[in-house]
1. Given the -39500 (n - 2.57) contribution per DSSP H run of 4+ residues, what per-residue ellipticity at 222 nm results for chain B, rounded to the nearest 500 deg cm²/dmol?
2. Report the accessible surface area buried between chains D and B, summing both sides, using a 1.4 Å probe on protein heavy atoms only, in Å² rounded to the nearest 100.
3. Normalised by the number of residues in the range B:189-319, what is the relative contact order in percent for Cα pairs under 8 Å and 6+ residues apart?
4. Express the carbon and sulfur contribution to the solvent-accessible surface of chain A as a percent, rounded to the nearest whole number, probe 1.4 angstrom.
5. Return an integer: the convex hull volume of the alpha-carbon atoms of the range B:189-319, in Å³ per residue.
6. Skipping prolines and chain starts, which residues have an amide H placed within reach, meaning under 5 Å, of the one on B:ASP257, given they are 5 or more residues away or on another chain?
7. Using modelled amide H (1.01 Å from N, peptide plane; none on Pro or chain starts), what sits under 5 Å from the amide H of A:GLU299, excluding residues fewer than 5 places away?
8. For chains A and B, what's the summed buried accessible area, probe 1.4 Å, to the nearest 100 square angstrom?
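The values are calculated or read from the model by the stated rules, or taken from the named source; none is laboratory data. This structure is a prediction, so every number in the text was calculated from the model and none was measured. Note: ideal-geometry Cβ built from the backbone for every residue, glycine included; neighbour counts use all protein chains shown. With ligands, DNA and RNA removed, areas are computed over all heavy atoms of the protein, side chains included. Shrake-Rupley method; radii C 1.70, N 1.55, O 1.52, S 1.80 Å.
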Amino acid sequence: MKKIINEPDNYLKEMLSGIYIAHKDMVTCTDDDLQCLVSKYKKEGKVGIATGGGSGHLPLFLGYVGEGMLDGCCVGDVFQSPSAEQMLAVTKEIDSGAGVLYIYGNYNGDIFNFDMAAEMADMEEDIRVETVLGADDVASAGPSAPGEKSTRRGVAGIFFVFKCAGAAADKMMDLDNVKRIADKANANVRTMGVALTPCVVPRVGKAGFSIGEDEMEIGMGIHGETGIRRGKIEPADQIVDEMLGQIVADLPYESGDEVAVLVNGLGATTLDEQYIVTRHIDEVLSEKGISVHRYYVGEYATALEMAGFSISLLKLDDELKEMLDSDAKTPFFRQ
Amino acid sequence: MKKIINEPDNYLKEMLSGIYIAHKDMVTCTDDDLQCLVSKYKKEGKVGIATGGGSGHLPLFLGYVGEGMLDGCCVGDVFQSPSAEQMLAVTKEIDSGAGVLYIYGNYNGDIFNFDMAAEMADMEEDIRVETVLGADDVASAGPSAPGEKSTRRGVAGIFFVFKCAGAAADKMMDLDNVKRIADKANANVRTMGVALTPCVVPRVGKAGFSIGEDEMEIGMGIHGETGIRRGKIEPADQIVDEMLGQIVADLPYESGDEVAVLVNGLGATTLDEQYIVTRHIDEVLSEKGISVHRYYVGEYATALEMAGFSISLLKLDDELKEMLDSDAKTPFFRQ
Amino acid sequence: MKDIVTTTEVRELLISLADFYEEKKEELSSYDAVIGDGDHGMTLARGFAAGKEAIENIAAEDAGIYFKMFGRNLMGAMGGAIGPLFGSIFTELGKTCMGKKEIGLKEFTDGFEQALLKIMDLGGAVPGDKTMVDALEPAAAELKKSKEEGVSLLEGMKNAVTAAKRGMKETVSMEAKRGRSQYLREKSVGHQDAGATSTYFLFNKISDFISGGNL
Amino acid sequence: MKDIVTTTEVRELLISLADFYEEKKEELSSYDAVIGDGDHGMTLARGFAAGKEAIENIAAEDAGIYFKMFGRNLMGAMGGAIGPLFGSIFTELGKTCMGKKEIGLKEFTDGFEQALLKIMDLGGAVPGDKTMVDALEPAAAELKKSKEEGVSLLEGMKNAVTAAKRGMKETVSMEAKRGRSQYLREKSVGHQDAGATSTYFLFNKISDFISGGNL
Ligand SMILES: Nc1ncnc2c1ncn2[C@@H]1O[C@H](COP(=O)(O)OP(=O)(O)O)[C@@H](O)[C@H]1O
Ligand SMILES: Nc1ncnc2c1ncn2[C@@H]1O[C@H](COP(=O)(O)OP(=O)(O)O)[C@@H](O)[C@H]1O
Ligand SMILES: [Mg+2]
Ligand SMILES: [Mg+2]
Ligand SMILES: [Mg+2]
Ligand SMILES: [Mg+2]
């Protein structure tokens, strides 16, 4: 394990302390619990938006708490859900009467804990909570039948859901409308990733799996979940063709559509490579008659120090475009 | 070489194309040469600021071209200086009569080419050019004698010089004053880095050196230049103590001083680790009676996919504080 | 021989569990290391320690309160998926025992049955998925059978231990369908599930406590 | 025997250099690979090709123009530290030969001397630093001596080749003080410098051209 850390047991606490120190003008914790982070930016009567999940994905989740995006966030240990009690504490802190929307990734641990938190918020605190589950990873499972719960994992595309819902809440829409917009963004986003190297969970101390020196794994999840295909590394353009092909076919995205694109580095992959990829995405989409309203390129949802990247597409309509384009100011994201 | 690229020969061109696609609202190229990047933001009569150097350090240098920072930038192939002709083209494009300031790192290739460009700008184009050489890496050489040229390399601390000079130019100060502020920031900044893994230059295809699985190298340069000490990896706090000790003693930074701190990831090191480091920097500085006005944490000057980080301290006075605090809006940096 | 566990004894039992899982930390993590991420023992130890801390210095009116407080704190300290799953054993025992000062085979049976339902509902696992359910389900069934047969608390619990152990052993040949091991697919076969193991330990420890001259 | 190179012949010579360095690409990079980053041959080939392209389709008035255009384009295409250094050979020859249609030993001598000064000024290297200067400096000195002795252009150039070769060989035992190899410190000892090698090749190629029936 090549990491700049102290005791793995103190990893979470020390990392969070650093965040509060560096961003003290923007975020603070509630309940005296570093894992319960809330924005210092408050707007009376605004719908509160909370997220949460395991650590190890910075800037996800903490980094998106701020003006025009999220109000609170609960994080657990690396790749571990935080507890229901913690999510409840954040929920209580960020509610200002208009209710709270939970937006988080479709993972069992998170669902168990946040469902419990939502139940407690409703029963014990009289706070109405709605939930939107990010499930954008087309590589993780087939599409769900209408009315069925998705079994897909949530990955980087959740950034778009945060951004659109955050803008809606900031425009003082009510909970139903904020949820409607979050649902729409969520329904319109698809992601696929590729990994070149594994990552090491500090408390574990070694990689849970390995990838050969000349290999990649298409579709690997952001905790190292097995992907859909392992093979020799291919040229960037060929990798993009495969990933984008699956993404585009899934929704599907069609000629005439307008989209936003997120090229997301998983941790160790350079910005150089991400721009090389961006270049070819632009070629492919313009060939398909899909126009790109905005590109986001960089590390938006990482898997510790994993090398690799993901591509997310968000199909836009006028409403989503307005939400996406509005200002935001958080520790990691400004627009 | 585990990279998501196509032909190494096309690396630079494809990477730059991606940047122009993703940030078309902010930057464009001049002279039909992708390596000559200029801001779309123009202010008549403003001092132009240009930088340049080898690629492989994103967001350095291209990422800081925009409102309130730099006006133009020339990049060469990975870790290679661009040519004098290219720097001249950028110089001509960004000059609006008030002269141009070059701010770049203290590396031979860059000096040879940019000195030539400055000479040509003066002789052939009648543009006054001044130069400030970033030389903040305390690990690279001893301090220079008064009046002597520094032999230290320039690393991440140049970000502070960009920021302060960029703000000064945006406030319509004249070339002498912009240079004075750049010189002051430059004189007040010190940096030290540590590397855990090497990086691979795409056209070379393999690492130029190796670092043992349990080793680190304190003081390694951002092109892999040999550092001051190689040894077993130590706990984060101990590494910070060593690095910060050398930085603080060098200027020196003293009790009562106010500083800005930049914790910079070299490429593969997670934000988590950078925040763990931030936490301890804060402890050490507050113990020494040095107060921190602002923290910057993230990837500001990388060495491709190298794992490691650097710490930079900028000693502030009221003027530098004003420059640092003013707004900026570039593809990679917003404040 | 009393056939019940009193409120104070429930408290003692729960406290002793924390010490027990602390001891078993490495062993349980080693199962998880092979087909998971190797933290199961650590996580349980942390959770049980928090449960213990919550009830150590209070005197509750009834056994239900102890179970419930223990469960909620254990859950909170564990987080992850396993927190709500494993914690549900104690919160469901808490619901069943709420207001009761003496806990017999009936209460254990009902409590574990509710816990099983809750865990299957939460986690979606069914027997055969290579999870803690594979130990809990046969144990709960055995408790029910024993209750119907009218055997003693100790005998009923011993039957549950035997069933849990069998279920735990059967996880070896299963392919994981839930939790982190599911991504290993066929590679998960041949290894014992960590959660099933810790669940078997729980029954074993309760049975020991009951037989251990404490009652 | 003419003892000069004409304007057209300078153009021919320069064009032939591009083809020559293209051939030597791998060999030169292999020297750089050991104690540098392995791109010296590639960089030179790119630079010389750009120089060739710039003069191929023009007809200049005098030799100085060819040298200067060749040098500036070579420099531009090479970038890095080596671009201005290696390019200075041609731009300085250009300055010396400006306005001249016939280039003899005097012009070559003066041009290379100016180039040496420029390169040492730019790069700060002195003989013994394990750089191209270690080949250039003795070659330039030999040209000067030959000029004073009044030997033929060909003989002068052959003397320069011998000196450059000796200088190049001497870099093997030197410790690098400039360029990328300097960071290897004592580990740079035992290997021949790439830039000194390509500089020796340059003299060799010029000498070949002069003797090759072309004059
Ligand atoms: N959906 C589920 N239903 C029931 N039990 C589960 C489920 N998912 C995981 N488990 C149990 O959890 C155990 C792993 O727990 P632990 O290692 O503490 O959590 P994590 O997998 O988050 O690291 C597995 O061995 C399995 O018995
Ligand atoms: N400061 C200097 N002065 C003279 N020659 C130098 C200097 N720095 C480097 N060189 C020469 O440059 C050669 C390396 O060139 P090249 O590999 O093309 O450039 P880079 O080092 O940028 O990859 C070295 O072998 C050396 O001869
Ligand atoms: Mg990173
Ligand atoms: Mg990176
Ligand atoms: Mg585990
Ligand atoms: Mg080289």
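1. -10000 deg cm²/dmol
2. Values: alone 9410 and 13870 Å², together 21550 Å².
It comes to approximately 1700 Å² buried between D and B.
3. The normalised contact order for the range B:189-319 reaches 35 percent.
4. Values: 4880 of 10840 Å².
Exposed carbon and sulfur together represent 45 percent of the surface.
5. Details: hull volume 13.5 nm³, N = 131.
Dividing the Cα hull volume of the range B:189-319 by its residues yields 103 Å³.
6. Residues meeting the amide H criterion: B:SER291.
7. A:GLY265
8. Details: alone 13880 and 13870 Å², together 23350 Å².
Counting protein atoms only, the buried area is about 4400 Å².
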